[in-house]
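J.: Structure below; questions to follow.
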Amino acid sequence: MNASSHPHIVILTGAGVSAESGIPTFRGAGGLWEGRDVMELATPAFQRNRDLVQRFYNERRQDLLKKEPNAAHHAIARLQREYPGRVTLVTQNIDDLHERAGSPEVWHIHGELLLSRCERCYEVQHCREDLHSASRCEHCGQSGRLRPHVVWFGEVPYHLGDLDIKTRDARIFAAIGTGGLVYPAANFAHIARSLGARCIEFNLEPSDGVFDEFIEGPAGQTVTAWVDSLLKQPS
Ligand code: OAD
């Protein structure tokens, strides 16, 4: 296979790609937002109840450290490594399961749970331990000003400018395991389609987005089969 005959693929993943690793999605029965107040846990309202928010993310961080990537993460990483054309992986997920599966480059538009950020000096640091009021910034020494390096509602997602430029020539856009309800990611398929990409959705059920093809089923199976077929294509 050679690169010129292989179109640029852009993949957008959401919580559904990590569901088979045992990480709950956000919406629907048993989802993370069920019975919880999103406005308290995932907005700058953090300033009002820092302990509650830190506890929520501390629990998710400790849970993540016990999880492993699943077949879908591994298939996407294999595609990134073996496909002769470009593959750009964009995720709304704050877990590190794509990286642990071997993905060489992952654009985390909603941030990363295993990073913290100091609200005083803005330094971003690795974070595997719980954050609380006594947690001290290793960079500026201030206590009590570390927060998860994640994007909350009302904050601007990361990397949008870079991605706008890098993904314009995409000819295949695949949305995997996302409900398509949170902007701006919910609009990515629409933009990709208007720029000439074929848009494919992998999900247990169709979302509201407009796609050229819907592939139904758990991502561990469907994405693995898709990657196998892409890598088998003759040059
Ligand atoms: P959602 O919880 O909204 O949607 C998860 C999607 O994954 C649903 O459409 C499910 O049908 C699908 N799904 C579940 N299991 C699956 C599986 N095994 N295989 C394939 N699909 C499966 O999660 P997101 O769309 O990722 O943002 O949510 C987007 C954003 O909303 C998150 O990044 C988060 C949340 O609020 C912030 O916190 C800022």
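J.: So how many residues does the range 73-99 have that are closer than 30 Å to G144 by Cα and not β-branched (V, I, T)?
T.: So the first thing to find is which residues in the range 73-99 are closer than 30 Å to G144 by Cα, and the list is 91-97, 99.
Those still in the list that are not β-branched (V, I, T) too: 92-93, 95-97, 99.
Summing the residues that are closer than 30 Å to G144 by Cα and not β-branched (V, I, T) in the range 73-99 gives 6.
J.: Going through E20, E59 one at a time, which residue ends up being under 20 Å from the mean Cα position of the chain (by Cα), closer than 30 Å to A170 by Cα, at pLDDT 95 or above and surrounded by fewer than 19 Cβ atoms within 10 Å (Cβ to Cβ)? Break it down into steps so the answer makes sense when it comes.
T.: Working: E59 fails: closer than 30 Å to A170 by Cα.
Only one candidate qualifies: E20.
J.: So H149 passes all but one of these: (1) surrounded by 15 or more Cβ atoms within 10 Å (Cβ to Cβ); (2) over 30 Å from R48 (Cβ atoms). Which condition number does it fail?
T.: Of (1) surrounded by 15 or more Cβ atoms within 10 Å (Cβ to Cβ); (2) over 30 Å from R48 (Cβ atoms), only one is false for H149: (2).
J.: Check off (1) touching a helix residue (DSSP H, G or I) at 6+ places or on another chain (Cβ under 9 Å); (2) farther than 16 Å from F153 by Cα; (3) of a type outside the set (V, I, T) for E59 and give me the number that stays unchecked.
T.: (1)
J.: Output the number of residues of the range 65-88 satisfying the condition of being surrounded by 21 or more Cβ atoms within 10 Å (Cβ to Cβ) and closer than 25 Å to V156 by Cα.
T.: The total comes to 1.
J.: Which residues, counting only those in the range 212-235, are modelled with pLDDT under 95 and small (G, A, S)?
T.: The answer is S235, and nothing else.
J.: If you don't mind, there's one more thing I want to ask. Kindly state which helices (runs of 4 or more DSSP H) lie completely within the range 150-235 and contain at least 1 residues that are near the ligand (Cβ under 8 Å from one of its atoms).
T.: Counting at least 1 such residues, we get 219-232.
J.: Let me ask something else about it. Return the pair list, or none, for Cβ contacts closer than 6 Å from residues in the range 33-46 that are at negative phi to residues that are at pLDDT 90 or above and loosely packed, with under 12 Cβ neighbours inside 10 Å, at least 6 apart or on different chains.
T.: So the pair list comes out as T43/G154; P44/G154.
J.: Does A175 satisfy the criteria of being at pLDDT 95 or above, of a type in the set (G, A, S) and surrounded by 20 or more Cβ atoms within 10 Å (Cβ to Cβ)?
T.: Numbers: at pLDDT 95 or above: yes; of a type in the set (G, A, S): yes; surrounded by 20 or more Cβ atoms within 10 Å (Cβ to Cβ): yes.
Yes, satisfied.
J.: Out of T222, T178, I need the residue that is more than 20 Å from L163 (Cβ to Cβ), in contact with a strand residue (DSSP E or B) (Cβ under 9 Å, 6 or more places away or on another chain) and among the hydroxyl-bearing types (S, T, Y). Which one?
T.: So the residue among T222, T178 that is more than 20 Å from L163 (Cβ to Cβ), in contact with a strand residue (DSSP E or B) (Cβ under 9 Å, 6 or more places away or on another chain) and among the hydroxyl-bearing types (S, T, Y) is T222.
J.: If you go through the range 152-167 one residue at a time, how many are acidic (D, E) and surrounded by 18 or more Cβ atoms within 10 Å (Cβ to Cβ)? Spell out the reasoning first.
T.: Looking only at the range 152-167, we keep the residues that are acidic (D, E), and these are 155, 162, 164.
Next, from what is left, pick out any that are surrounded by 18 or more Cβ atoms within 10 Å (Cβ to Cβ): none.
The number of residues fulfilling the criteria is 0.
J.: Still on this model: Kindly provide the set of residues from the range 83-127 that are charged (D, E, K, R), within 14 Å of the ligand (Cβ to nearest atom) and touching a His at 6+ places or on another chain (Cβ under 8 Å), ordered by number.
T.: Of everything in the range 83-127, just one residue is charged (D, E, K, R), within 14 Å of the ligand (Cβ to nearest atom) and touching a His at 6+ places or on another chain (Cβ under 8 Å), namely E112.
J.: Taking the conditions exactly as written (more than 16 Å from the ligand (Cβ to nearest atom), among the aliphatic types (A, V, I, L, M), more than 18 Å from I11 (Cα to Cα) and assigned to a loop (DSSP other than H, G, I, E, B)), does A134 satisfy them or not?
T.: When the stated conditions are applied, A134 passes them.
The values are calculated or read from the model by the stated rules, or taken from the named source; none is laboratory data. Treat the numbers as computed from the prediction; the structure is a model and nothing was measured. Backbone-built Cβ (ideal geometry, glycine too); neighbour counts: all protein chains shown.
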